[in-house]
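So the structure is just underneath, and the comments pick up after that.
The values are calculated or read from the model by the stated rules, or taken from the named source; none is laboratory data. The shown structure was predicted, so the numbers you read here are calculated from the model rather than taken from an experiment. Positions of Cβ are backbone-derived with ideal geometry, glycine not excepted, and every protein chain shown enters the neighbour counts. The protein model used for the area step is the full one, side chains on, heavy atoms only, and it has no ligands, DNA or RNA in it. Shrake-Rupley method; radii C 1.70, N 1.55, O 1.52, S 1.80 Å.
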Amino acid sequence: MRETITGDISDAFNAARARGDCFLWIGLHDPSQEEFDLITREVELHPLAVEDAIHAHQRAKLERYDDTLFVVLKPLLYAEETSDIEVGEINLFLSPDFVISVRHGQAAPLGAVRRRLESDPGLLAAGPSGVLYAICDQVVDDYGRITHEIESDLIALERRVFSGEYADATEDIYSLKREVLEFRTAQDPLIPVLEEIVKGRVELCSATREQFRDVLDHLLRVDAAVDEHNELLTSALTAHLALTGREQNKAAMQQNADMRKISSWAALIAVPTMIAGIYGMNFDYMPELHWAFGYPLTLGVMVVAVIIVFRLLRRSGWL
């Protein structure tokens, strides 16, 4: 069971060591160097692991420093309004008699994990290994929920792409693809970490190997879904660009057809305009200028010329 200890961190460590059949869990959120120095005065933590825990920005990993296990997890937080994924970080120092959790960001608060452990004495009896399992299980469960959210966003994007209505969705597809890649960067390195535990290579977690096997199975399903979403987004982007190109080609072809019709009518008008322009010049000596049939002959030539040009343009498909 969980017990409340009065006093400072030193009193808590002293009480745990005096009992001998318990472990101490200290939780920190975005700690400063001064705050973490209070911990390092009580337990010897490797300086490199302490630096990683304070500054964060690590990938999921598992490292051993003497009898202390250092584990990094990358929890995720999904914003439904913007479909953005926020990546947090949980750094865990584990030994047989203590757990130190250092959380960065707003993703995966550990209050639910503590309540779960308090309601499950059997899991709590596993000690720090049980804590690590419960945190990993929550992180992977959150991965699964976010996978379903991404799938919903992907289906909505596919409907937009194939709706038949021309709307540019390139930016939205690319944005969701970036979120999926960020998702993969967070969850993919966790697979070898869990495999290391499941294969029995982490002595501290030997009592909870079966539970970790279940978490690994869920994570592998998430990993397959993330790969599938990434491929579908690539296909959706390719299809969208192809459909966009087709619509643009249709518009260009329609513009070309319109320009040909305009040019054709301009050519039909140009023929009689040219003849009229010639006879409109003020010269005394011009062909058939004083002939009685000169005027109707000129009009007839204009009509015949226009008909010939019209037939040629119709035959070529311009009209």
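Per-residue answers, yes or no, for (1) on the phi < 0 side of the Ramachandran plot; (2) of a type in the set (D, E, K, R); (3) modelled with pLDDT of 70 or more; (4) open to solvent by less than 90 Å² (accessible area, probe 1.4 Å):
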| residue | (1), (2), (3), (4) |
| --- | --- |
| Lys250 | yes, yes, no, no |
| Gln254 | yes, no, no, no |
| Arg260 | yes, yes, yes, no |
| Ser264 | yes, no, yes, yes |
| Leu268 | yes, no, yes, yes |
| Gly280 | yes, no, no, yes |
| Ala305 | yes, no, yes, yes |
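Looking only at the range 161-181, residues that are of a type in the set (D, E, K, R) and buried (at least 16 other Cβ atoms within 10 Å of the Cβ) come to 3 in all.
Could you list, in sequence order, the residues of the range 41-65 that are assigned to a loop (DSSP other than H, G, I, E, B), open to solvent by 100 Å² or more (accessible area, probe 1.4 Å) and touching a strand residue (DSSP E or B) at 6+ places or on another chain (Cβ under 9 Å)?
Glu44, His57, Arg59
Looking only at the range 73-102, how many residues end up being within 24 Å of Glu149 (Cα to Cα), part of a strand (DSSP E or B) and touching a residue at least 12 places away in the same chain (Cβ under 8 Å)?
10
Just one residue in the set Ala125, Ala134, Ala112 is crowded, with 17+ Cβ neighbours inside 10 Å and more than 26 Å from the chain's Cα centre (by Cα); that residue is Ala134. Selection of first residues in the range 146-167 that are on the phi > 0 side of the Ramachandran plot and assigned to a helix (DSSP H, G or I) and of second residues that are modelled with pLDDT of 85 or more and among the aromatic types (Phe, Trp, Tyr), restricted to Cβ pairs under 6 Å at least 6 apart or on distinct chains, gives an empty result. Among residues of the range 182-209 being part of a helix (DSSP H, G or I) and under 18 Å from Glu86 (Cβ atoms), the one that is most open to solvent (accessible area, probe 1.4 Å) is Thr185.
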